[in-house]
Every structure is written in C-alpha cells, then in structure tokens.
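Taking it in order: structure first as structure tokens, then the write-up.
Read the figures in this text as sums done on the coordinates, not as results from a lab. Note that this is a predicted model, so its numbers are computed, not measured. With ideal geometry, Cβ positions are generated from the backbone for all residues, glycine too; neighbour counts draw on all protein chains shown.
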Amino acid sequence: MTDYRMQIIRSVETELVNSLQPEQMCLVSHVLTKVLGDYEITERCTSLEVYDDSNEKILKMYTACMLVDGKSDGTVKMYVYQCRRLAQVIGKPYTEMNAYDIRYFLAKEMERGIKDQTRENERAVFSAFFQWMTNEELIKKNPIAMIKPIKCHVEIKKAFSDVEIDAIRSACKSLKERALVEFLLSTGVRVNEASNMRVQDVDKDSLAVHVVHGKGNKERITYTTAVAMKHLLAYVHSRTEKGEQLFYNKNHEPLENGGIRKILKSIEDRAGVADVHPHRFRRTFATNLARRGMQLQDIKELMGHSNVNTTMAYISVDDSKVHSSYNTYIA
C-alpha cells in the first residue's frame, strides 16, 4: 500500500533542495516525519498531485534524498550527471526503462572506447539510482538487478617514491607551492578538503589539522609534520591576503580544486614526474604510514574512510618488502 505521508515528505524535500543546507534539509525531514506520524492520509488525498513522474522531477527528488543522506555535493552532481546521460541515450522515462536499456547504454559506452572501470562505475551509479526508485515505490522492479558487475583489470596505482618526492620538492618555485606540497604529503587530505581549509583549522602547536568539510560532511582530525608546518607558516606570513582561507590563488581569491590541480600540473612538468595530482599525494600518505608500521584502523581514521577495505586500496604494495616477507615465512 502506498504511504502518502512519504510522498508528501519527498515532495517537500524536492521543493526545498535548492534553498536549504543539508543539515536544514535533515531537520525538515525529521520534523515532517514526526508530525505526519500522527496522521493517516487516505487515497482521497491523491486528488492533489504529489508526484510528477518526469525524469527531471525524479532527479530532483533523488538529489534531495542524497543530500539528506549526507552525500557530498561532488557525489550528488556526478550521480545526477550520469543519470541524465542515461535518459538522453535511451530516450524514455526512468519508470519505463528495463535491463535491456541499461545494457544498451553500457554497450554504446564500450563502442566509444570507454574503459571497463568507468563503465562499471556507471553501472554502480544506475544500480543505486534504480534501487532508490524501487525503495520509493516509483517502480516495482529494479531493472539493473540482473546485470552483473563488469570485470575490470585492476590497475596498480603507485605512491610517489622517495626520489619522486625529492624531485617534486626541488621543482617548487614559490613558498605557496612548497607549502601546498608538504601539506598534502603530511596530512593526506582530499583536494576539496585542502581548498576548504582555513588557517584556524591548523594548530601550529599540536600540529593537528581539523578537517571540517570532509566527504559526506564528516569532520575528523589528521596531523601535519613540523617540517610541513614550517613551510606552511612561511607561506601564510608572506602572503598579502588577510582572509581566513589557508591557500589563495594569484588573483587573491581562495584557491579552489581546479587551482590546486593546476599548480601541481606545473610542478609535474618541471619535476619530470608523472601523475602529480592530489589523489596520489593521498595514496602516498597512506602508503608511507603503512610502511612505517601504523595500524590500518588508525590510517583509516586519519583519512576519513568509513571502511578499512577502502584504506587498503590506497596502500601501494612494496614488492621488495613482500619478497623479504616471503623468504622469512616460507623457510
């Protein structure tokens, strides 16, 4: 039986999604759930249209639900983008799509030369989306339930070597570049966390770094090193900007994700080191801690992961260490 109270709540969330912050959305949902719990809404109320089953209306509802569930803005935008692409290729309402439509989309992606891992990521997005539609009773059956995950070649993504790190440090031409490199290496923060970092979030005495806007708006504490703090303070004291942000661009505006990537790309070109991007610094952070003997559970907390398996995927295996361990235990 359809629960019209949930339809009302979803409709209100949809209307407010562009007006409220995620925390406010959660409060609205909580209050509506509590208030409507005292009422029984009958089918007679359906004379007032609650749902518009157009694709854009459904995506707006899905956006509201993801934000209420604590998904980051980047994740929400990526999910909506992929679902829109699906609708454009298939050319029918989501409520009428079937397993063949999803397979057709993924086959067209293969024709375009899209890698298996990317197509698997797309399949996973659609799986989450249609499962949500099933849970919300917008459809009776998840059309992607019978589509198996796409087998992918696992590419080993390596951390920076000590030689590469030395080259990157030597290639820095300004206090800001060196401070950014040391900060990323020592804290393991995500690129959006670095761009959102404020001066007050870094404690120069305890070397603690308060990550306020982590993935899914989860706050955590990580740490930096005395060497990194020295370079960070040198940059902060030298700059002309007096704002609260930690890093600024050449136009005296807060440094955004794209700006960080651009700086690292320039360092990459000068250093002659491949793949100098924010996420590789994060992988290097995790790998170095593991090599020095830190427990995976502790590394997980510093990186802000929910699952230790995610943390393990970040750690590059040292072949020489594995060989040494093999010789130790095989004897």
- [ ] Rounding to the nearest 20 debye, state how big the charge dipole of the chain is about its Cα centre with +1 on each Lys and Arg Cβ and -1 on each Asp and Glu Cβ.
- [x] 1040
Task: Nearest-ten-degree value, helix 162-171 long axis tilted from longest Cα axis of the chain - done: 90
Task: Computed FRET value (nearest 0.05) for Glu253 with Val212, which takes r as the C-beta separation and R₀ as 25 Å - done: 0.80
Task: On Cα atoms only, tilt of 55-68 relative to the major axis of the chain in degrees - done: 50
- [ ] For the chain, build the charge dipole from Cβ charges (+1 Lys, Arg; -1 Asp, Glu) around the Cα centre, then report which of Phe105, Val28, Phe126 sits farthest towards its positive end.
- [x] Phe105
Task: Ascending count of other beta-carbon atoms within 10 Å, so fewest first, for Ile144, Ile221 - done: Ile221, Ile144
Task: Segment Ala274-Ala313, extension gain: residue separation times 0.36 nm, minus the distance between their alpha carbons - done: 12.0 nm
Task: Computed lengthening from Lys115 to Ser266, 0.36 nm per intervening residue step minus Cα-Cα distance - done: 51.6 nm
TODO: Determine, for each peptide in 110-121, 70-81, the mean count of other beta carbons within 10 angstrom over its residues, then list the peptides with the highest first.
DONE: 70-81, 110-121
TODO: Please give the helix 257-271 orientation as an angle from the longest Cα principal axis of the chain, in degrees from 0 to 90, rounded to the nearest 10.
DONE: 40
Task: Label-point gap, in nm, between Tyr100 and Thr134 - each point 7 angstrom along Cα→Cβ - done: 2.0
